[in-house]
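Step one of this worksheet: look at the structure below.
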Amino acid sequence: MASLELRMTTPYLALESVSCVLPDGRTLFSDLTEHFDQRHTGLVGRNGVGKSLLARMLAGQLQPSSGRCVRFGKVYYLAQHVVHPDGATVASLAGAQPALDALERIEAGSTAVDDFDAVGDAWDIRARLQYELQRHYLGYLDIRQPVATLSGGEAMRVALIGAMLSEADFLILDEPTNHLDGGNRRALIEQLRQWSAGLLVVSHDRALLETMTRIVELSALGLSSYGGNYSCYVQCKATERQAAVRLLEQRKLERKREEQGMREQRERQEHRQARGNRQGKQANQARILLDRQKQRSEASAGKLRQLQAAGREALDQSVRQAYDQVEQEALVTLHAVAAVRAVQRCVAELDRAVLPFVTAATRCISLRLDGQQRLGIIGPNGCGKSTLLKLLAGQLQPLDGSCTMRVESAYLDQQLECLEPTQSILEQLLAVNRSAGEGVLRMRLAQLGLDAQKIVVPSGLLSGGERLKAALACVLYAEKPPGLLLLDEPTNHLDLPSLQALEEMLRSYPGALVVVSHDEVFMEQLGLTSQLIATDQGWEFEPW
């Protein structure tokens with residue numbers, strides 16, 4: 001009784017047999033039942049399993065196809081991209097503009113009931129907003145400043161301040177760290193650490209997930225809850241996978257033994273039947289007796305076949321269930337990249353090159369890249385990281401100085417413009433690798449998590465994560481892979497298994513590598529040899 005009373009007074013979110021059927025009739029997930037309390041929870045899962053849809057259902061923005069979502073308490077939801085109307089200000093993004101406007105009218109002499117209703121109890125809203133901005137290191141922003149002048153990271157953090165001012169009981173965030181630079185990521189994570197109410201975060205950001213107290217995974221098998229942070233989740237998953245593999249091998253062995261037993265049973269019955277037929281003929285039994293004996297034997301054999309068929313189906317079902325458990329955990333596989341001829345000499349050189357569109361101290365750079373160098377580029381949004389990659393890719397020319405390239409390069413930008421949106425993945429991969437054969441390429445795409453249906457539709461119809469995998473396949477599985485690979489924020493659309501596979505592949509990539517990423521965990525995993533850091537004084541080149 002006490003636990004029921006606590007549940008009725010403590011804010012919570014709950015799923016009760018919730019299902020989601022897409023407009024084309026496909027079931028995305030079904031019969032989900034879960035309780036979310038005030039613990040900070042990370043929601044993880046493969047691309048396309050429905051995490052964002054589930055978050056919107058929990059927030060009350062979408063209704064499930066069946067079942068129901070229960071919300072006890074006030075919920076505040078933030079989508080991946082902060083959307084704001086033209087003319088929006090810092091105050092409006094924080095949700096404080098209506099109260100501020102009403103307060104100004106009251107201070108100017110208004111006695112309208114609507115103004116007093118708009119203010120409510122928030123008579124100190126101006127001071128509270130400025131205090132929160134200051135507390136979260138955004139005190140340099142003016143509350144009347146247009147949102148259009150903010151960076152993506154600043155906008156997301158102001159929106160979070162709005163959530164805090166709303167005094168919500170639950171905050172639901174969908175990929176809040178995507179496209180944020182390192183400083184804004186760290187600030188946002190610290191901001192969320194201070195959030196004392198309920199929190200549900202949809203994310204692939206391992207640094208953010210490490211601060212959670214619970215991880216919930218959505219898969220084709222449903223929802224699975226893991227107490228602890230991301231590291232605990234990884235350990236539990238590894239243990240579960242080992243157990244699932246052992247169970248699968250055990251079920252396969254059991255099926256093999258049972259099938260051997262069934263064969264021996266059939267052979268014994270056939271032997272008895274043949275012996276009975278011979279004995280009947282030798283005893284000169286009447287034809288009618290022989291026919292009845294034959295009918296009994298055939299009926300007995302038919303019954304045995306039915307029993308064994310049912311037994312085989314039960315064994316097959318047992319193996320399929322065990323296989324499904326293993327299959328859900330199977331990592332995305334990336335094949336080894338074809339050997340790139342080792343180049344010890346310089347592959348690219350910038351000599352006092354002036355970057356277009358960059359006004360900061362980082363607009364001028366001198367840089368030399370050698371054949372097997374692995375360089376990470378680090379810096380805040382707007383310092384020229386993407387512009388530098390475009391210069392190395394030959395898409396831009398320096399305003400002054402020189403940029404000399406001595407090998408072929410491949411550039412994967414954030415929009416993946418290297419893909420032709422009207423052509424399928426298979427068509428584009430066959431265009432760069434005719435020798436491997438369509439069957440081999442189909443297998444490699446399938447092992448990337450791109451099934452037979454996905455690889456034949458126009459690539460523009462695929463999700464961000466699927467398009468990134470397609471772009472990587474077209475570059476890395478080409479007959480002649482590039483000597484220099486340039487990647488701009490490659491982790492933004494990848495789920496965790498795909499991210500781990502990408503890290504493994506890039507560690508073994510034999511050519512020169514230049515990566516721009518705000519994901520510090522990802523950069524640590526790549527085996528980089530050096531780093532280029534944007535500072536207020538310009539670019540600084542250091543060993544990793």
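The values are calculated or read from the model by the stated rules, or taken from the named source; none is laboratory data. Worth saying up front: this structure is predicted, and the values here are computed from it rather than measured. Because the Cβ atoms are built from the backbone with ideal geometry, glycine has one as well, and the counts that use them run over all protein chains shown. Just the protein is used for accessible areas: all its heavy atoms, side chains included, with ligands, DNA and RNA removed. Shrake-Rupley method; radii C 1.70, N 1.55, O 1.52, S 1.80 Å.
Can you report the number of residues in segment 63-85 which are free of Cβ contacts under 8 Å to residues at least 24 places away in the same chain and either more than 25 Å from residue 188 (Cβ to Cβ) or touching a Pro at 6+ places or on another chain (Cβ under 8 Å) (or both)?
Residues meeting the conditions: 1.
If I ask for residues that are touching a residue at least 40 places away in the same chain (Cβ under 8 Å), within 19 Å of residue 489 (Cα to Cα), open to solvent by 20 Å² or more (accessible area, probe 1.4 Å) and not β-branched (Val, Ile, Thr), which ones from segment 375-411 would you list?
If the condition is that a residue be touching a residue at least 40 places away in the same chain (Cβ under 8 Å), within 19 Å of residue 489 (Cα to Cα), open to solvent by 20 Å² or more (accessible area, probe 1.4 Å) and not β-branched (Val, Ile, Thr), then 380, 381, 382, 386, 393, 396, 409, 411 are the ones that fit.
Would you mind listing the strands (runs of 3 or more DSSP E) fully within segment 173-246 where at least 3 residues are surrounded by fewer than 18 Cβ atoms within 10 Å (Cβ to Cβ), touching a strand residue (DSSP E or B) at 6+ places or on another chain (Cβ under 7 Å) and of a type outside the set (Asp, Glu)?
Because the criterion is at least 3 residues that are surrounded by fewer than 18 Cβ atoms within 10 Å (Cβ to Cβ), touching a strand residue (DSSP E or B) at 6+ places or on another chain (Cβ under 7 Å) and of a type outside the set (Asp, Glu), the strands (runs of 3 or more DSSP E) in segment 173-246 that meet it are 222-227.
Kindly evaluate residue 437 against the criterion of being open to solvent by 10 Å² or more (accessible area, probe 1.4 Å), without any contact (Cβ under 8 Å) to a residue 40 or more places away in the chain, on the phi > 0 side of the Ramachandran plot and out of contact with any His (no Cβ under 6 Å at 6 or more places or on another chain).
yes
Going by what's in this entry, would residue 114 be described as surrounded by fewer than 18 Cβ atoms within 10 Å (Cβ to Cβ), out of contact with any helix residue (DSSP H, G or I) (no Cβ under 6 Å at 6 or more places or on another chain) and on the phi < 0 side of the Ramachandran plot? Working first, answer last.
Details: surrounded by fewer than 18 Cβ atoms within 10 Å (Cβ to Cβ): yes; out of contact with any helix residue (DSSP H, G or I) (no Cβ under 6 Å at 6 or more places or on another chain): yes; on the phi < 0 side of the Ramachandran plot: yes.
Judged against the criteria, residue 114 is a match.
Can you spot a residue in segment 176-183 that is in contact with a helix residue (DSSP H, G or I) (Cβ under 8 Å, 6 or more places away or on another chain) and within 30 Å of residue 9 (Cβ to Cβ)?
Scanning segment 176-183, I find at least one residue that is in contact with a helix residue (DSSP H, G or I) (Cβ under 8 Å, 6 or more places away or on another chain) and within 30 Å of residue 9 (Cβ to Cβ), so the answer is yes.
With the checklist (1) over 23 Å from residue 164 (Cβ atoms); (2) without any contact (Cβ under 8 Å) to a residue 40 or more places away in the chain; (3) in contact with a Lys or Arg (Cβ under 7 Å, 6 or more places away or on another chain) in hand, flag the one item residue 111 doesn't pass.
(3)
Considering segment 14-62 alone, what residues qualify as being among the aromatic types (Phe, Trp, Tyr) and at pLDDT 95 or above?
If the condition is that a residue be among the aromatic types (Phe, Trp, Tyr) and at pLDDT 95 or above, then 36 is the only one that fits.
Could you check how many residues of segment 130-158 are open to solvent by 30 Å² or more (accessible area, probe 1.4 Å) and part of a helix (DSSP H, G or I)? Break it down into steps so the answer makes sense when it comes.
Step one: filter segment 130-158 for residues open to solvent by 30 Å² or more (accessible area, probe 1.4 Å), giving 130-131, 134-135, 137, 139-140, 142, 144-146, 148-149, 151-152, 154.
Retained after the next criterion (residues that are part of a helix (DSSP H, G or I)): 130-131, 134-135, 148-149, 152, 154.
Adding up the residues that qualify gives 8.
One residue is enough: does segment 38-47 have a residue meeting the conditions over 23 Å from the mean Cα position of the chain (by Cα) and more than 25 Å from residue 20 (Cβ to Cβ)?
yes
Being under 27 Å from residue 233 (Cβ atoms) and modelled with pLDDT under 90 is the filter here, so list the residues in segment 63-88 that pass it. Talk me through it step by step, then tell me what you get.
Taking segment 63-88 first, the residues under 27 Å from residue 233 (Cβ atoms) are 64, 67, 69-73, 75-81.
Listed by number, the residues that qualify are 78, 79, 80, 81.
Looking only at segment 347-374, how many residues end up being more than 27 Å from residue 522 (Cα to Cα), in contact (Cβ under 8 Å) with a residue 40 or more places away in the chain and open to solvent by 70 Å² or more (accessible area, probe 1.4 Å)?
1
Please work out which residue is farthest from the chain's Cα centre (by Cα), limiting yourself to segment 96-109 and to residues that are among the small types (Gly, Ala, Ser) and surrounded by 14 or more Cβ atoms within 10 Å (Cβ to Cβ). Steps first, please.
Just the residues of segment 96-109 that are among the small types (Gly, Ala, Ser), to begin with: 96, 99, 102, 108-109.
Subset that is surrounded by 14 or more Cβ atoms within 10 Å (Cβ to Cβ): 96, 99, 102.
Values: 96: 33, 99: 38, 102: 43 Å.
Across segment 96-109, the extreme among qualifying residues is 102.
Counting only residues that are of a type outside the set (Ser, Thr, Tyr) and in contact with a helix residue (DSSP H, G or I) (Cβ under 8 Å, 6 or more places away or on another chain), which one in segment 229-241 is modelled with the highest pLDDT?
The qualifying residue modelled with the highest pLDDT is 229.
Go through the residues of segment 50-58 one by one and say whether even a single one is touching a Phe, Trp or Tyr at 6+ places or on another chain (Cβ under 8 Å) and open to solvent by 20 Å² or more (accessible area, probe 1.4 Å).
Yes: segment 50-58 contains one or more residues that are touching a Phe, Trp or Tyr at 6+ places or on another chain (Cβ under 8 Å) and open to solvent by 20 Å² or more (accessible area, probe 1.4 Å).
Six or more apart or on different chains, Cβ under 8 Å: which pairs go from a residue in segment 251-263 that's touching a residue at least 60 places away in the same chain (Cβ under 8 Å) to one that's open to solvent by less than 80 Å² (accessible area, probe 1.4 Å) and among the hydroxyl-bearing types (Ser, Thr, Tyr)? Could you list them?
Correct list of pairs: 251/318; 254/318; 255/318.
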